[in-house]
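Inspection log for the structure reproduced underneath, given as structure tokens.
The values are calculated or read from the model by the stated rules, or taken from the named source; none is laboratory data. All values derive from a computational prediction rather than experimental measurement. Quick reminder, even Gly has a Cβ in these numbers, built from the backbone with ideal geometry, and neighbours come from all protein chains shown. Ligands, DNA and RNA are stripped out before the accessible areas are found, and what is left, the full protein with its side chains, is counted by its heavy atoms. Shrake-Rupley method; radii C 1.70, N 1.55, O 1.52, S 1.80 Å.
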Amino acid sequence: MALLRDEDREYLKKEFEKKIRNPVKVLFFEKEGCENCDLVKQILTEVSELHPEIHLSIHDVESDEAKTHGIELTPAVVIEGEKDYGIRFYGVPAGYEFNSLIEGIMDVGAGEVELSEETRKKLGELDKPVVIKVFVTTGCPYCPGAVRLAHMFAFVNDRIKGEMIEANSFPELANRYGVYAVPKVIINEEHSFEGSLPESEFLKEVIKAVGG
Amino acid sequence: MEFFIKKENEKKREYDALVIGAGPAGLTAAIYIARGRFSVLVFEKVIPGGLAATTHLIENYPGFPEGVEGEELGRLMEKQARNLGVEFAMEEVVDVELEGEKKRVKTRDGEYEGKAVVIATGSSHKKLGVPGEDKFTGKGVSYCATCDAPFYKDKKIAVVGCGNSGMQEGLYLLRFVRSIDFIEYFPYIPADRILQERVKKHENVKFHLNHQVLEIVGDERVEGVRVKKRDTGEEKVIEVDGVFIFAGLSPNTAFLNGKMELEDGYVVTDEFMRTSIPGVFACGDVRKKVLRQVATAVGDGAVCGASVVEYLEGR
Ligand SMILES: Cc1cc2nc3c(=O)[nH]c(=O)nc-3n(C[C@H](O)[C@H](O)[C@H](O)COP(=O)(O)OP(=O)(O)OC[C@H]3O[C@@H](n4cnc5c(N)ncnc54)[C@H](O)[C@@H]3O)c2cc1C
């Protein structure tokens, strides 16, 4: 049975048609016995059928592809275009996070993201590697805002990685990072904050985290 | 399983009506305005559906005999509005200019003009304002059950507030947690009887009525709630791993920047949902009123939409 509603499928087809100008590679990483892998695979399959330039490929977590992308957990999704921007989804991109998946695909397909000049400039000046982890649950309406910013930041600066981590799929990880409310954002393992922040505030946290 | 999509549309810079907030009140007003054949743009900073969308189940809104998930109700209301040509701006309103014939609404991304403005921004969970609350926000203190329930599997939690929202969300949390200590300021449970009965069927719940929360205690994380019995003054610490707070709401009116008269932060209207400024209307939880529910928000929205149509038609 199809997961997506017909009306949503139609809407997405039109939006993808409007926005996608470049090929979008959706890489899915799985392993045997992984609890939610089949679900995520089906979501990605249905989405990739909505536009000819969305190319889904499926890899094992032990594959070379996984190594070059630094993927160690499953289910994992990478969205890339002409290069790997550092956009990652761990766990199930459903519920409110489905929107993050869709917007990630559209950004890469459009080859641009909607960030202010100021933000781009400041992100461009960052010369250290940054990993932004955003812990979410699929029932959290405030979470996609944080995921989206992390992914857009990753898009504009190659040193930045933006990772959505759907906490229900990785309870141990959530525990290790002391996640008890979402969204929880962890930058470079050390710096963290809770709640969704507007673009300029989120940026300040990133700059603070790298000691800018 | 749900798959939420934030739907975009082309936007103009000028509309007949600008509606701030896409909760049940704002969406209903927009539906009425659109049916009057006026152009309308609805601003929303989180998701269409509003506070109702973070409610796991709404059981007292007529038409859904089995209850309806808040998210589903929001999605249906949004769809109905879109079908009528209502447009959406998924942006947060940060400032307004309400005087004069042309009103302006500013978001982080731009500025829009309208002949009429509807304020339907609802309310947010109020903090208790006790020591430890801010310190432990995200470390055991939570305000959203649908967001954070999974982190409390088999844990002991407290729910502060035994109104309808506290009890309804408590029922949801009971699917995850080991036990709930309900804490209520009043000597009785304010929630609807039917909810009380359902919560009380569970063996792992306990009620602390007539108790005031003094402090949320812990070291790195929440370890308990210190409460005081209001009549005897007796204090105790209820040991829990987490605290969910559903004790009161505060209106989302900060963006008005003092440009409108407020009472306890709420917008004051007449029975036509008109505010003191001509062409500016308000409906739903943001309004000074007695009952804050989806059904009353929708009722407000209908009156408000009709008043806006009347205003735009120059009657
Ligand atoms: C936990 C809980 C359980 C509840 N259970 C029930 C129930 O079972 N039955 C029932 O009838 N009611 C219930 N309610 C109450 C119900 O949710 C509200 O009464 C109803 O949602 C009010 O609708 P509204 O449109 O006035 O405001 P809201 O639903 O709060 O909508 C306002 C919208 O405005 C947006 N907004 C705010 N500020 C801005 C801004 N500056 N710019 C752009 N957008 C903005 C918000 O994001 C929000 O989406 C519950 C509430 C809670 C918290």
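When only DSSP loop residues count, what trypsin sites (Lys or Arg not before Pro) in the stretch B:72-167 have their Cβ near at most 11 other Cβ atoms within 10 Å? Within the stretch B:72-167, the qualifying trypsin sites (Lys or Arg not before Pro) (loop, at most 11 other Cβ atoms within 10 Å) are B:K102. A:S100 sits among other residues whose Cβ lies under 12 Å from its own Cβ, and their net charge, with Lys and Arg +1 and Asp and Glu -1, is -2. With an a/c value of 1.5 or above and a/b not larger than b/c for the gyration tensor axes a ≥ b ≥ c computed over the alpha-carbon atoms, the protein assembly as shown is described as oblate. Computed over the stretch A:1-137, the Cα gyration tensor eigenvalues convert (square root of 5λ each) into semi-axes of 23, 21, 14 Å, ordered from largest to smallest.
A crude spin-label estimate for the pair A:K25 and A:N175, with each label 7 Å from Cα along the Cβ direction, gives 3.6 nm. For the stretch A:5-88, the set of chymotrypsin sites (Phe, Trp or Tyr not before Pro) satisfying both a DSSP loop assignment and a count of at most 14 other C-beta atoms within 10 Å is empty. Would you mind checking the tilt of helix B:70-83 against the longest principal axis of the Cα atoms of chain B, expressed as 0 to 90 degrees and rounded to 10? Rounded to the nearest ten degrees, it is 0.
FRET efficiency for the pair A:L56 and B:K79, taken as 1/(1 + (r/R0)^6) with r the Cβ-Cβ distance and R0 = 30 Å, rounds to 0.60. Spin-label model, A:K204 to B:R221: label points 7 Å out along the Cα-to-beta-carbon direction sit 2.9 nm apart.
Sorting A:K31, A:K122, B:K7 by accessible area puts them as A:K31, A:K122, B:K7; the probe is 1.4 Å, largest comes first, and only protein heavy atoms count.
Using R0 = 51 Å, the C-beta based FRET efficiency linking B:K229 and A:N188 works out to 0.65. Put simply, the amide H of B:A89, placed in the peptide plane, has neighbours under 5 Å in B:V42, B:F43, B:E44, leaving out anything fewer than 5 places away on its chain. Could you pull out which residues in the stretch B:194-212 have an amide N less than 17 Å from a spot 7 Å beyond the Cα of B:V130, following the Cα-Cβ vector? Counting only backbone N, you get B:206-212. Global dimensions of the stretch B:127-245 from alpha-carbon coordinates: Rg and Dmax equal 13.1, 38 Å.
In the stretch B:92-108, whose amide N lies under 11 Å from the spot 7 Å out along Cα-to-Cβ of B:I277? List them in ranges. Only B:95-106 fall inside the zone, counting backbone N under 11 Å. Averaging 1/r over each pair of different alpha-carbon atoms in the stretch A:18-62 and inverting the result gives 11.4 Å, the Kirkwood hydrodynamic radius. Length gained on full extension, A:E118 to A:E35, computed as 0.36 nm times the residue gap minus the Cα-Cα distance: 25.7 nm.
Among the GluC sites (Glu not before Pro) found in the stretch B:145-243, those both in a DSSP coil and sparsely packed, with 11 or fewer other Cβ atoms within 10 Å of their Cβ, are B:E203, B:E220, B:E234. The equivalent ellipsoid that matches the C-alpha gyration tensor of the stretch B:1-134 spans semi-axes of 26, 21, 13 angstrom, in descending order. Of all DSSP-defined beta bridges confined to the protein assembly as shown, some 45% are antiparallel rather than parallel.
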